[in-house]
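The structure appears right after this line, and notes come after that.
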Amino acid sequence: MALSASPTIPSFRSPREVQTKNDAVRFLLEVKCAFRDNKEKYAEFLHFVKSFGRDGIGKDEVILRAKQMFDGHPELVVGFNAFLPKGKKIHVAYGQ
């Protein structure tokens with residue numbers, strides 16, 4: 001399924017560490033697949049990612065929302081962490 005007009009995952013890293021657009025699209029597909037039975041949750045994720053920086057939602061709010069949304073999905077937390085700077089990464093709890 002194509003992701004036309006999909007947002008790019010915000011990157012909070014320096015330019016030399018920025019993930020590529022392809023990395024962002026791959027991650028969006030992972031999230032979409034993980035929430036294939038809950039389209040509203042995927043839509044909520046897209047909304048807060050798109051809102052980053054323009055609707056007064058800062059990186060800490062995006063990180064908090066992602067942490068809450070990806071609870072129980074450690075693979076998504078790991079994927080999201082790839083877009084975060086050191087010191088802002090979400091702790092991944094496996095086996096809980």
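Figures for the structure shown
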quantity	calculated
Count - residues of region 71-87 that are part of a loop (DSSP other than H, G, I, E, B) and either farther than 21 Å from His47 by Cα or not charged (D, E, K, R) (or both)	8
Filtered residue count, region 31-45, keeping only those that are surrounded by fewer than 16 Cβ atoms within 10 Å (Cβ to Cβ) and either touching a Lys or Arg at 6+ places or on another chain (Cβ under 7 Å) or assigned to a helix (DSSP H, G or I) (or both)	6
Residues that are surrounded by 13 or more Cβ atoms within 10 Å (Cβ to Cβ) and part of a loop (DSSP other than H, G, I, E, B), drawn from region 46-70	Phe70
Every residue from region 78-87 that is surrounded by 14 or more Cβ atoms within 10 Å (Cβ to Cβ) and either farther than 18 Å from Thr20 by Cα or in contact with an Asp or Glu (Cβ under 6 Å, 6 or more places away or on another chain) (or both)	Gly79
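Laboratory data are not the source of any read-out in this text; all were calculated from the coordinates shown. These numbers come from a predicted model, not from an experiment. No Cβ is skipped: glycine too gets one built from the backbone with ideal geometry, and neighbour counts run over all protein chains shown.
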